[in-house]
Amino acid sequence: MTENNQHEEQGSAYGRFHRRVLEGKAVVFAVATTVAISIGGLAEIIPMFSASLGPERSEAVTPYTPLEVAGRDLYIREGCYTCHSQMVRPMRAELLRYGEWSRAWEYTYDRPFLLGSRRLGPDLQRVGGKYPDAWHYDHMEDPRALSPGSIMPAYDWMLTDRVEVADVTASIRALSTAGHPYDGDSEEWVRAEMERQGGEIVANLQSAGRETTWDTEIVAMIAYLQRLGVEGRQILQQQATASAPEAEASSTESAAAAQAGGGDR
Amino acid sequence: MESSSSSVSTATPVGVTPDYDDRIVKMFFTATVIWGIVGMLVGVIIALQLTFWQANLGPWLSFGRLRPLHTNAVIFAFAGNVCFTGIYHSMQRLLKTRMFNDTLSRIHFWGWQLIIVSAAVTLPLGMTQSKEYAELIWPIDVAITLVWVVFGINFFGTVARRKVQHLYVAIWFYMSFVITIAVLHIFNSLAIPATLFRSYPIYTGLTDALVQWWYGHNAVGFFLTTPFLGLMYYYLPRAAERPVYSYRLSIIHFWALVFLYIWAGPHHLLFSALPDWAQTLGMVFSIMLIAPSWGGMLNGLLTLRGAWDRVRTDPVLKMMVVAVSFYGMSTFEGPMMSIRAVNGLAHYTNWVIGHVHSGALGWVGMMSFGMLYWLVPRLYKRELWKPQWAEAHFWLATIGIVLYTVAMWAAGLMEGLQWRAINDAGQLANPIFLDITARLQPFLLLRVVGGSMYLVGAIMMGINFWKTVRGSDEAAQTPASVTA
Ligand code: HEM
Ligand code: HEM
C-alpha cells in the first residue's frame, strides 16, 4: 500500500532519478545523506579554529587556579548552570542589571563552556566581587536566609564536604594536556596553591565569624564565584584607559555598562 | 499479518507469513512505556521544585541534578526506545526481511537499557559533563558509541539483505537518524579524561559552545524529528489506510531538511560573543527550515484526505493529527524565535520551555502514543483492554499540553518583558530579579497541573497495555480477534 505510492508518482525526471539512483542503491543513499549532513557542520565549525574568523582572543586572560577549578567542577556537579547563565548580552537592560556584556576571550579557559540556556536565577558572569565571601557562605547554606522567596536549592552539604587534592590534581593534569598553562601539576603544587588561596577565603570568613578550613567544598565554590567576570572587567578597563585619550566619546556603551555594573551592587 | 492491514496491500503474497523478529519489538515497546512514565514523573518533580523549593531533597534529588535526568530520560530512554520500537517493527516489513542479526538486536536492546540505568545512577550522583543532552560521563559516552555501532551494523545489514529493491521514504529518515546521531555524538563528546568520572572537552569557550549547539539543535533535529517523521510516514498511512499524499514532496522535504538542519545550531547562541557570521548563518538557515518542516507536516495531514471522518472517532488518528499539528506549530515558532530581535526577548525565558514542550509533548509524545495504540493490539494480536481509556488519554494529554505550553508562553513573555523594562529615569523597572520570579508562580503551578495530566494519561496507557498484553498470555490459544 504505502510503498506502492512511490510507483505511482514517478512522473517527474528527478523522481525517476531519485528512485533509480538513490532508492535503489542503499550505499549511494547513505553516502549522499552523510554528505548532506556534513556540509553545514564543517562550514561552521572549522572557521572557529582560525584566528581571523574564530572567536576574538586575548593574551591577558589567565587560567582558573586549582581551587577555582575545584569550585567550577562543583558548579558543574550541582548543575548550577541549569538555573544560571554566564553570558551577559549587549542590551541596555542587561548592562544595567549585570554589567559589561560578555566578550569571547573571557571564555578562553572555559572547558566546558558554561554559558547556560536558562535564567531561573540571575546571570553569574559578573558576580565576582559583588558580595563578600560570607554572603556566599550563608547563601549556599540557606538561600532564603538572604533572599526571602528564593527558589534556589540549599547546598548545606558543601559546608562540610571536602575537596580531594588528588582529584583536583587529576583535573589540573587533564587541563594541562589540553593546553592550559600551569606552573606545576604535582600534587604538592596543587595542594600549596589551594592552601594559599583557600587560606585567604578562610581568613575572610573567619573575620565575619564563620569557621571553616581551606579544603571544604564551600571554600572552592566561593573561590570560583568570586573570580567570575573580575578579570574580564579589569582587562576591559585597561583597554578603555589605553584608548581613552584618543576617543573619549567612543566608549559609549562599555563605559556606561561598567558604571551600571557597579551601581547594581 | 501484513496483508490484512488494508485492502490495497499487495505487500506480501497471501499465505506467506514472513519470519519477522517481533520479540525485539515487544522488548523495546515495554522499555518505552516504563521509561516514558519515569521520565515524565521526573519532569513533574522538577516542575514542582520550581514552585516549592522544599521539593529539593538532599544532594541527589535537587533540581540541578534532576533536570538533566529528566531530559536524558525523556529523550534517550522514552523517545529513543519509541524510535527503536517503530524502526525494528516497520523496517522488517518495509524491507520484507528479518533483522540482519538477532544477537545484534539483543545487544542493542540490553546495551541501550544499561546506558539508561547508568544515566539514572550517575546523574543524581552529580557525575556530568554539563553539556545539554550530552551530560553523561565519558565511559558512558564510549558505551553509547559502541551500542550505536551495533545498531548501525544491524540496520545497514538489514537494508543490504532486503527483498525489495527500493527504499521507502520512512527508511530514508531512519537512515539519516542512524548516521547523523553517530557523527554528532562522537564529535561533541571528544574529551580528555581526568578521572573515570570526569573529563574536559577538547574544545574551549565559544568553540565548545558552538560544537555543543551544533549537537544540541541536531539532537532535536535527528533524534526528535527525523526518526519521528519516519514513523509518521509508515504508521500514519497505515492507520489512515491511505497512501502518502505526495512522493515528490517527500523527496524535496527530506533532502532540504537534512541539509538545512545542521546549519541552525547557532540560533542557541544569538547575542553571545560568537562571531557574527556564525550567528547570522544560524538565523538564516533556521528561518529557511520552516519550508521543509512544513513540507513534512503537509504531507502528513494531506495523507488524511478522505479519512477525516475516521479522525473524529479513532484515538490513533486523533493523536497523530494532534502530533503533526504540534509539529507544524513548533516548527513555525522555532524559526520565529531564531530571528535575532525575537530571540532577544525569548532567550533564557520560559518561552523556550514552552516551545520545547509543544514539540516534545505535542509532536514526540503524541506521535509515540498514536503509534503504540495502533501497534500494540497488532503486535500481541489482542483487542485493546479499554479503548475508552485511550480516548481519555487523548483528552488528558491534549489539555495537559495546552495548559503547559500556554502557561509557559505567558510566563516567558512576562519575564522577558519585565527583565528588560526600563523606567523613565533610565533605570531598571524591576531591579530585583526575585520580584519577577515571584510573579511567575501561578504559571509555574499551572504547568505542574498540565504536566501531571499528561503524566496521568501516560500511566493510564501503561495500565491499558499491561492488561492488553497480560490478556494475550491468558488467551494464547484464542485466535486473534484483531486482524493486523
Ligand atoms: C509530564 C510531562 C513533563 C513535564 C511536567 C516536564 C517538565 C519539565 C521542566 C520543569 C523542565 C525544566 C524547565 C526549566 O528549566 O525551566 C523541563 C525541561 C525539558 N523537558 Fe520536559 N517535561 C515533561 C515531558 C517532557 C517530554 C515528554 C520531553 C521530550 C520528549 C521533554 C523534554 C524536555 C527538554 C528537552 C527540556 C530541556 C529544555 C531546555 O533546556 O530548554 N519533557 N521539562
Ligand atoms: C524549524 C524548526 C525549529 C527551529 C528553527 C527551532 C528553533 C529554536 C530556537 C530559536 C530555540 C531557542 C534557543 C534559545 O534562545 O535558547 C529553540 C530551543 C529548543 N527547541 Fe526548537 N526549533 C525548531 C523545532 C523544534 C522541535 C520540533 C523541537 C522538539 C521536538 C524543538 C526542541 C527544542 C529544544 C529542546 C530547545 C531548547 C534547547 C535548550 O536550550 O536546551 N525545536 N529552538
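Looking at the structure I just gave you, is A:V27 more than 7 Å from every other protein chain (Cβ to nearest Cβ), at pLDDT below 95 and either open to solvent by 20 Å² or more (accessible area, probe 1.4 Å) or touching a Ser or Thr at 6+ places or on another chain (Cβ under 6 Å) (or both)? Spell out how you get there, then give the answer.
Details: more than 7 Å from every other protein chain (Cβ to nearest Cβ): yes; at pLDDT below 95: yes; either open to solvent by 20 Å² or more (accessible area, probe 1.4 Å) or touching a Ser or Thr at 6+ places or on another chain (Cβ under 6 Å) (or both): yes.
Criteria met by A:V27.
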Inset, instruction - Those residues that are open to solvent by 10 Å² or more (accessible area, probe 1.4 Å) and either more than 9 Å from chain A (Cβ to nearest Cβ) or not aromatic (F, W, Y) (or both), I need them from the stretch B:252-275; list them, please. - result: B:I252, B:A256, B:L260, B:H267, B:H268, B:S272, B:A273, B:P275
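Looking at A:A60, is it more than 8 Å from chain B (Cβ to nearest Cβ) and either farther than 30 Å from B:A421 by Cβ or buried (at least 18 other Cβ atoms within 10 Å of the Cβ) (or both)? Quick ask: steps written out before the conclusion?
Working: more than 8 Å from chain B (Cβ to nearest Cβ): yes; either farther than 30 Å from B:A421 by Cβ or buried (at least 18 other Cβ atoms within 10 Å of the Cβ) (or both): yes.
Yes, satisfied.
Would you check if B:Y215 is in a helix (DSSP H, G or I), within 12 Å of ligand 2 (Cβ to nearest atom) and within 11 Å of chain A (Cβ to nearest Cβ)?
On the way: in a helix (DSSP H, G or I): yes; within 12 Å of ligand 2 (Cβ to nearest atom): yes; within 11 Å of chain A (Cβ to nearest Cβ): yes.
Yes: the conditions hold for B:Y215.
Please state which one of B:T398, B:T405 is among the β-branched types (V, I, T) and under 20 Å from B:W351 (Cβ atoms). So that I can check it myself, show each step before the final result.
On the way: B:T398 fails: under 20 Å from B:W351 (Cβ atoms).
Residue meeting the stated conditions: B:T405.
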Inset, instruction - Please go through the stretch A:140-169 and pick out each residue that is free of Cβ contacts under 8 Å to residues at least 12 places away in the same chain, assigned to a helix (DSSP H, G or I) and surrounded by 19 or more Cβ atoms within 10 Å (Cβ to Cβ). - result: A:P143
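Rundown of residues vs (1) modelled with pLDDT of 95 or more; (2) surrounded by 22 or more Cβ atoms within 10 Å (Cβ to Cβ), yes/no style:
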| site | (1), (2) |
| --- | --- |
| B:F228 | yes, yes |
| B:L236 | yes, yes |
| B:Y245 | no, no |
| B:W294 | yes, no |
| B:D309 | no, no |
| B:R312 | no, no |
| B:S325 | yes, no |
| B:G328 | yes, no |
Inset, instruction - Return yes when B:V448 is open to solvent by 40 Å² or more (accessible area, probe 1.4 Å), at pLDDT 95 or above, over 17 Å from B:L384 (Cβ atoms) and of a type in the set (A, V, I, L, M, F, W, C) and no when it is not. - result: no
Inset, instruction - With the checklist (1) open to solvent by 20 Å² or more (accessible area, probe 1.4 Å); (2) more than 30 Å from A:T169 (Cβ to Cβ); (3) of a type outside the set (V, I, T) in hand, flag the one item A:F49 doesn't pass. - result: (2)
Legend entry - Considering residues of the stretch B:40-58 that are more than 24 Å from the chain's Cα centre (by Cα) and open to solvent by 30 Å² or more (accessible area, probe 1.4 Å) only, the residue nearest to the other protein chains (Cβ to nearest Cβ): B:W53
Inset, instruction - For the stretch B:118-137, indicate whether the set of residues that are at the interface with chain A (Cβ under 9 Å from one of its Cβ atoms) and more than 30 Å from A:R72 (Cα to Cα) is non-empty. - result: no
Inset, instruction - Scan the stretch B:167-181 and give yes if some residue there is at negative phi, more than 7 Å from every other protein chain (Cβ to nearest Cβ), open to solvent by less than 10 Å² (accessible area, probe 1.4 Å) and in contact with a strand residue (DSSP E or B) (Cβ under 9 Å, 6 or more places away or on another chain), otherwise no. - result: no
Inset, instruction - Could you identify the single residue in B:H357, B:H347 that is within 13 Å of chain A (Cβ to nearest Cβ) and either of a type outside the set (D, E) or away from ligand 1 (no atom under 16 Å from the Cβ) (or both)? - result: B:H347
Inset, instruction - Mind listing just one residue for me: the one in the stretch A:92-111 that is assigned to a loop (DSSP other than H, G, I, E, B) and in contact with a Phe, Trp or Tyr (Cβ under 7 Å, 6 or more places away or on another chain) and, of those, farthest from the other protein chains (Cβ to nearest Cβ)? - result: A:Y109
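When residues of the stretch B:184-201 are filtered for being open to solvent by 10 Å² or more (accessible area, probe 1.4 Å) and either at the interface with chain A (Cβ under 7 Å from one of its Cβ atoms) or farther than 26 Å from A:G40 by Cβ (or both), how many remain? Break it down into steps so the answer makes sense when it comes.
Looking only at the stretch B:184-201, we keep the residues that are open to solvent by 10 Å² or more (accessible area, probe 1.4 Å), and these are B:185-187, B:189-199.
From what's left, either at the interface with chain A (Cβ under 7 Å from one of its Cβ atoms) or farther than 26 Å from A:G40 by Cβ (or both): B:192-199.
The total comes to 8.
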Legend entry - Checking B:Y373 against (1) in contact (Cβ under 8 Å) with a residue 40 or more places away in the chain; (2) more than 25 Å from B:S246 (Cα to Cα); (3) within 16 Å of ligand 1 (Cβ to nearest atom), the condition it does not meet: (3)
Inset, instruction - Determine which single condition A:R77 fails, assuming it passes every other condition in (1) touching a residue at least 12 places away in the same chain (Cβ under 8 Å); (2) facing another protein chain (nearest Cβ under 7 Å); (3) not aromatic (F, W, Y). - result: (1)
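Is it true that A:A145 is more than 22 Å from A:T62 (Cβ to Cβ) and not hydroxyl-bearing (S, T, Y)? Quick ask: steps written out before the conclusion?
On the way: more than 22 Å from A:T62 (Cβ to Cβ): yes; not hydroxyl-bearing (S, T, Y): yes.
Answer is yes for this residue.
Looking only at the stretch B:378-391, decide whether some residue is within 21 Å of B:L403 (Cα to Cα), of a type in the set (F, W, Y) and within 16 Å of ligand 1 (Cβ to nearest atom).
Start the filter on the stretch B:378-391 by keeping residues that are within 21 Å of B:L403 (Cα to Cα), which leaves B:389-391.
Then keep just the ones that are of a type in the set (F, W, Y); that gives B:389.
Now restrict to residues that are within 16 Å of ligand 1 (Cβ to nearest atom): none.
Within the stretch B:378-391, none of the residues are within 21 Å of B:L403 (Cα to Cα), of a type in the set (F, W, Y) and within 16 Å of ligand 1 (Cβ to nearest atom).
Please find, among B:L301, B:L281, B:L317, the residue that is more than 9 Å from every other protein chain (Cβ to nearest Cβ), hydrophobic (A, V, I, L, M, F, W, C) and open to solvent by 30 Å² or more (accessible area, probe 1.4 Å).
On the way: B:L281 fails: more than 9 Å from every other protein chain (Cβ to nearest Cβ); B:L317 fails: open to solvent by 30 Å² or more (accessible area, probe 1.4 Å).
Of the residues listed, the single one that is more than 9 Å from every other protein chain (Cβ to nearest Cβ), hydrophobic (A, V, I, L, M, F, W, C) and open to solvent by 30 Å² or more (accessible area, probe 1.4 Å) is B:L301.
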Inset, instruction - Filter the stretch A:165-178 for residues that are more than 9 Å from chain B (Cβ to nearest Cβ) and either at pLDDT below 95 or closer than 16 Å to A:I76 by Cα (or both) and give the result. - result: A:V168
Inset, instruction - May I ask you to verify whether B:T207 is facing chain A (nearest Cβ under 7 Å), outside any loop (DSSP other than H, G, I, E, B) and open to solvent by 10 Å² or more (accessible area, probe 1.4 Å)? - result: yes
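Here is a check on your reading of the model: is A:E100 at pLDDT below 95 and assigned by TED's automatic domain parsing to the domain that holds A:M152?
Details: at pLDDT below 95: yes; assigned by TED's automatic domain parsing to the domain that holds A:M152: yes.
In short, yes.
The values are calculated or read from the model by the stated rules, or taken from the named source; none is laboratory data. Predicted model, so just to flag it, every value in this text is computed and none were measured. Note: ideal-geometry Cβ built from the backbone for every residue, glycine included; neighbour counts use all protein chains shown. The protein model used for the area step is the full one, side chains on, heavy atoms only, and it has no ligands, DNA or RNA in it. Shrake-Rupley method; radii C 1.70, N 1.55, O 1.52, S 1.80 Å.
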